[in-house]
Amino acid sequence: MKIVSLVGARPQFIKEAIVNREVRRRGAWHHVLVHSGQHYDINMSDVFFRQLEIPRPDHFLGVGSGLHGRQTAEALTRFEAVLLEEKPDAVLVYGDTNTTLAGALAAAKLHIPVVHVEAGLRQSPKTMPEEINRVLTDHISTRLFCCSDLGATNLKEEGITEGIEVVGDVMYDLYLEMAPSFDAEKALRTQGLREKGFLVVTLHRDFNVDSRESLQEILQGLNLAREETGLEVFLPLHPRTAKRIDEFGLKEETKPLRLAEPLGYLELMALVRASAAVVTDSGGLQKEAYFAGKRAVVVMPDTAWRELTQSGWNSLSEAKADALARHIKKALSPLEHPGDLYGTGQAAAAIVGAIANQRSLS
Ligand code: UD1
């Protein structure tokens, strides 16, 4: 059996890393890895391949940045050519990026079965690019692997009843597997931070950073939290956010904060583990905080990871300075960890096992 796996953005490199390991461990099938090139900077892409020992992609599509239509269209066109050449038995896509949708669409149109890892997540507003990508991908997938029961329920409510399996979260598998390599002491020393003396903050969502008003409110909220709690604010900057801070003339607001380049997986996880709490609009980091036993303030109107907000572990904050500072203070109070919400670290094994044991994926 030959399977083509498509990745392109940071969260997908992380998910591919653990699935790829499992495929190699078992010799499960001929795995062809394709990188769309949606993320291309060294610290947005290469570092993940190196740290997580992901094999070199067999095809690199060089799609790059651009408006959504162009980015998706380039990935679609170039990926279709790869599929015509490789003629795989199935295509594996992860998550909710423009790369995910392009890959699923190219495959479905060629009648190649689509396997979607991290299926069934739903969140409002429906107009979010990631939400559009995940809904459409789910509806053209033949195998849908969900992280929790909620994902399966969401799919059934939309009339998708076949090919669904709840396996847990591959990101948890990777977290557990890589935990021995998280070097907190070194990461703290490199960044000049003190154990539990800082917040880890990441921001990149269009609705937070592409509006001057939201970005300014968030930065002011972080400054307020810093003054009120005495914690440093450590903010590795996504390139989109760095650009907007420049464009909007918000440099002054960032002066009291500890800005950094985007970090590799190992450094970021090490720092999350050593932090006081996390503030993020990343789908992945809000869960990784929980894996690390840290609470997260999620700067979004809604989250797909409802189990975490329903249990009170994470909280949603508006992009308003006062609200954000209030949520951050609350996140510093101790709370009983909600236990295993996204499997037990066996998701990749379940996915690879299920695919390998199936004669046809269509
Ligand atoms: C994308 C995904 C998002 C995911 C995120 C993880 C979509 C719609 N969004 O958002 O779901 O959570 O990745 O990071 O697919 N840029 C660089 N260097 C890079 C990559 C991007 O400078 O290596 C710049 C681009 O020029 C662009 C901006 O970052 O200005 C946004 O990149 P893009 O890939 O469009 O979306 P993300 O915001 O990264």
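Search the structure for amide H atoms under 5 Å from the amide H of V166, placed 1.01 Å from N in the peptide plane, and list their residues when 5 or more places away or on another chain.
C146
Enumerate the calculated ³J(HN,Hα) couplings along the range 175-182 in order (Karplus 6.51 cos²θ - 1.76 cosθ + 1.60, θ = phi - 60°), each rounded to whole Hz, writing x wherever the residue is Gly or Pro.
Whole-Hz 3J(HN,Hα) from phi for the range 175-182: 4, 5, 5, 8, 3, x, 9, 7.
Using a Gaussian network model of the chain whose springs link C-alpha atoms within less than 10 Å, name the residue from M269, M128, M300 with the highest mean-square fluctuation.
Looking only at M269, M128, M300, the biggest GNM fluctuation is shown by M128.
Just going by the charge dipole of the range 1-90, with Lys and Arg at +1 and Asp and Glu at -1 on Cβ, which of H39, P55, F79 is farthest out on the positive end?
The one lying farthest along the dipole's positive direction is P55.
At 222 nm, what value in deg cm²/dmol follows for the chain if DSSP H runs of at least 4 each add -39500 (n - 2.57) and the sum is divided by all its residues, to the nearest 500? Walk me through the numbers on the way to the answer.
Numbers: 17 runs with 170 residues, N = 362.
Rounded to the nearest 500, it is -14000 deg cm²/dmol.
Most exposed first by the Cβ proxy, i.e. fewest other Cβ within 10 Å, how do F145, F234, F60 rank?
Values: F145 30, F234 21, F60 14.
Lowest to highest Cβ neighbour count: F60, F234, F145.
When the chain is modelled as a GNM with alpha-carbon springs shorter than 10 Å, which of L324, L203, L257 fluctuates the most?
Comparing L324, L203, L257 in a Gaussian network model of the chain, the most mobile one is L257.
Using 0.36 nm per residue, how much length does the chain from L84 to A179 gain when fully extended, once their Cα-Cα distance is taken away?
Numbers: separation 95, 0.36 × 95 = 34.20 nm, distance 3.93 nm.
This chain segment gains 30.3 nm when fully extended.
Summing Lys, Arg as +1 and Asp, Glu as -1, what charge do residues with Cβ under 13 Å from the Cβ of I132 carry, I132 excluded?
On the way: positive: R122, K126, R134; negative: D96, E130, E131, D138, D206.
Taking every Cβ under 13 Å from that of I132, the sum is -2.
At 7 Å along Cα-to-Cβ for each site, give me the label-to-label distance between E162 and E318 in nm.
In this crude label model, E162 to E318 measures out at 4.7 nm.
Most exposed first by the Cβ proxy, i.e. fewest other Cβ within 10 Å, how do V32, V4 rank? Please report the intermediate quantities before stating the final value.
Details: V32 20, V4 27.
Ranked by crowding around the Cβ, least crowded first: V32, V4.
So if I place +1 on the C-beta of Lys and Arg and -1 on the C-beta of Asp and Glu, and nothing else carries charge, what would the dipole magnitude of the range 206-350 be about its Cα centre? I want it in debye, nearest 20. Please list the in-between numbers first.
Details: 17 positive and 21 negative charges, 50 e Å.
It works out to roughly 240 debye.
Find the relative contact order for the chain and round it to a whole percent, using C-alpha pairs within less than 8 Å whose residues are 6+ positions apart.
Working: 701 pairs, mean separation 60.3, N = 362.
Here the relative contact order equals 17 percent.
When all alpha-carbon pairs of the range 220-313 are counted, what percent fall beyond 16 Å?
59 percent
Quick check on the chain: what are the equivalent-ellipsoid semi-axes from the Cα gyration tensor, as sqrt(5λ), descending, whole Å? It would help to have the intermediate numbers written out before the result.
Values: eigenvalues 223, 90, 78 Å².
For the chain, the ellipsoid semi-axes come out as 33, 21, 20 Å.
Taking loop as defined by DSSP and a crowding limit of 11 other beta carbons within 10 Å, which chymotrypsin sites (Phe, Trp or Tyr not before Pro) in the range 265-362 fit? If you can, show how the numbers build up before the last one.
Numbers: sites: Y265, Y290, F291, W305, W313, Y342; in loops: W305, W313, Y342.
Here no loop site has a sparse enough neighbourhood.
Of the lysine pairs in the range 94-212, how many meet both conditions: Cα atoms under 28 Å apart, and a spacing of 8 or more in sequence or different chains? Each step should come with its number before you reach the end.
Numbers: K109/K126; K109/K156; K126/K156; K186/K196.
The number of close lysine pairs in the range 94-212 is 4.
Each value in this text was obtained by applying a stated rule to the coordinates, not by laboratory testing. Being a predicted model, the structure only gives us computed values, none of them experimental. Neighbour counts are summed over all protein chains in view; Cβ atoms, including those assigned to glycine, are modelled from backbone coordinates with ideal geometry.
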